[in-house]
1. Based on this model, can you work out whether Ala140 counts as modelled with pLDDT of 95 or more and of a type in the set (Gly, Ala, Ser)?
2. Where the second residue is in a helix (DSSP H, G or I) and among the acidic types (Asp, Glu) and the first is farther than 15 Å from Thr51 by Cβ and modelled with pLDDT of 95 or more and lies in the range 236-261, which pairs have Cβ atoms under 9 Å and are six or more apart or on separate chains?
3. What pairs come up if the first residue lies in the range 34-52 and is aromatic (Phe, Trp, Tyr), the second is assigned to a helix (DSSP H, G or I), and their beta carbons are under 6 Å apart, counting only those six or more places apart or on different chains?
4. If I ask for residues that are assigned to a helix (DSSP H, G or I) and either modelled with pLDDT under 70 or small (Gly, Ala, Ser) (or both), which ones from the range 176-190 would you list?
5. Counting only residues that are farther than 12 Å from Pro554 by Cβ, touching a helix residue (DSSP H, G or I) at 6+ places or on another chain (Cβ under 7 Å) and in a loop (DSSP other than H, G, I, E, B), which one in the range 452-484 is modelled with the lowest pLDDT?
6. Check whether at least one residue in the range 51-63 is within 21 Å of Ser497 (Cβ to Cβ) and surrounded by fewer than 20 Cβ atoms within 10 Å (Cβ to Cβ), and report yes or no.
7. When you look at Leu190, is it assigned by TED's automatic domain parsing to the domain that holds Gly329, over 22 Å from the mean Cα position of the chain (by Cα) and not acidic (Asp, Glu), yes or no?
8. Can you tell me which of Ser75, Ser106, Ser13 is in contact with a Gly (Cβ under 8 Å, 6 or more places away or on another chain), surrounded by 22 or more Cβ atoms within 10 Å (Cβ to Cβ), among the polar types (S, T, N, Q) and within 30 Å of Trp171 (Cα to Cα)?
Amino acid sequence: MRGVVAILSGVASATLFALPIAWTWGGFRGCGGVVALLAGLATALAVFAITPASPGRRPSSFWDWLMIALFTLASARVFFWLIYANGDSWKVLSPNNLGDLSLHISFIRWFAATTHWWPVSPILAGDPLRYPPGSDLFNALLLTGGVPVTQGVIWCGVVGAALAGHALWRWGGAVALAAFLFNGGVAGFLLLKTGWGGDPDAQIEWKNLFLTLYVTQRGFLFALPAGLLLLAAWRDETFGAGPRKVLPLPVQALLLGIMPLFSIHAALFLGVAMSGLFVLSSASRKRMLRLALLAWPAMAFLGWLVTSGGGAPSAVHSLGCAPGWMSDGSVWFWFRNFGISLPLTFLLCVLLVRGGGGRGTPEIAEARAFVWPAAFVFVLCMVVRFAPWPWDNMKLILWSWLIAAPYLWNFLLKRWHPALRTAALLLMFGSGAVTLAVGLDGRHGYELIKRSDLDQASWILRGLPPDAVVACAPEYNHPVLLSGHPVVCGYEGHLWSHGLDYKGRLATLDAVMKGEAGWKEKARGLGASHIYWSDLEAKRWPDSKLPWAKETGPALYPLE
């Protein structure tokens, strides 16, 4: 555990140091990025020295080793093929990652190049960044240190998966690994009818957590292992045999305090988990209070920073009422998405209220302290929308499921007759296993962009100042964005899901690119200094009246 905590602390420290360096030095020019990385390395060594060695659970059965092997193979498959060259194409394994990975690459190159911090959003000119940048900021530091973007995102994924695997194992053993890899209702079983060519995740909202969240939402590379290790430390310190100091308080404060910079949803859940532990376990109250005093001010500041960009809140309100989450109003929705997991978890909560045959025992007290707050978050997600896209509630529901799953095993399934237990496990995890297998079967891959198009765009943009804004087509894989340059309006799906008020600027961009009267003045009003014209623009605006609209080949035109 010491090594895992040291790595996470090093990443947290490097990212935290990067902010004042960028603010005071005007970005990472010169050796700023290297200084931040060295600070992270020094922190990692210090944390390794002060963290006590703690024994963890060891694999003891065939099923333990099987789950470790499956998690290792799945992680190697998705991250070594996260982005790969195939002829003249950059390809990704999963279609879920087409838009997400292109956005992250844009952010990484932009963070490494921009000279203004807190930065504006590269996908919406003039608007401050309103997104947790932690993982991409760390990759930007690596880029300034000479690590290419593609190798950086691949190896951060590989290392992050190893850290997550360790944290999942420490939290709940084989059951936690299975819950993460194989969540899902019954959609996977529909392949018995449709054949292997079907896509189970397309038929449900509670999609495979590993494929649709962990691989695509890069903030989870840090947030998942750090959050689970914090939860495991709180459990061991509160309910372990005798008084124990698993993680030094400053280390806990560092990992918790920086959490909003990587995942605001993880920060919210951990805040609820701390509050629940404080209320439900008197033995934890002094520790939770000290940790809150140390970490919550930093969490509040960083949470404000990533949600408002250091300015006014977004004009598009993220919070809202969403009863039933994404339900279509039918009972079939809940069974299709969650299968028997939902009723079993409800049964677990009732069992814990009644005491489970052992009212007042440490095991019951521990389960209540973690399962009840997790259940509260799940119920809250069924009523409240935490982002413009209700599906994003999955980033919170994930935590509820991972926390509850080991207790579901210990208090229910483990005590059942072997035949009944086997049937329940097949119903809980069988469909998700099929979904994972389908998702990993990417024999054809999905093209992100032509390598030649990206190289050509990089050459065209080579002399452009890093903060110059370009007007171009709002495509998720536009070569201007992937080269690390800010644009007037990026991909509409990204703008909407991030809660940005973009429609007025998008309408003005349409007028500019169509060459309507006063287009130059409108372009300058958007903050654009150049217009990029290529096949993408010609396809989106075929009737454009711009002087170069009939030109072939990509080119950059200054607004003189």
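1. It is true that Ala140 is modelled with pLDDT of 95 or more and of a type in the set (Gly, Ala, Ser).
2. none
3. Between residues of the range 34-52 that are aromatic (Phe, Trp, Tyr) and residues that are assigned to a helix (DSSP H, G or I), the close pairs are Phe48/Arg2; Phe48/Ala6.
4. Ala176, Ala178, Ala179, Ala187, Gly188, listed by residue number.
5. Here the residue is Pro466.
6. no
7. Judged against the criteria, Leu190 is a match.
8. Ser13
The values are calculated or read from the model by the stated rules, or taken from the named source; none is laboratory data. Everything quoted here is computed from the prediction, not taken from an experiment. Neighbour counts run over all protein chains shown; Cβ positions are idealised from the backbone, glycine included.
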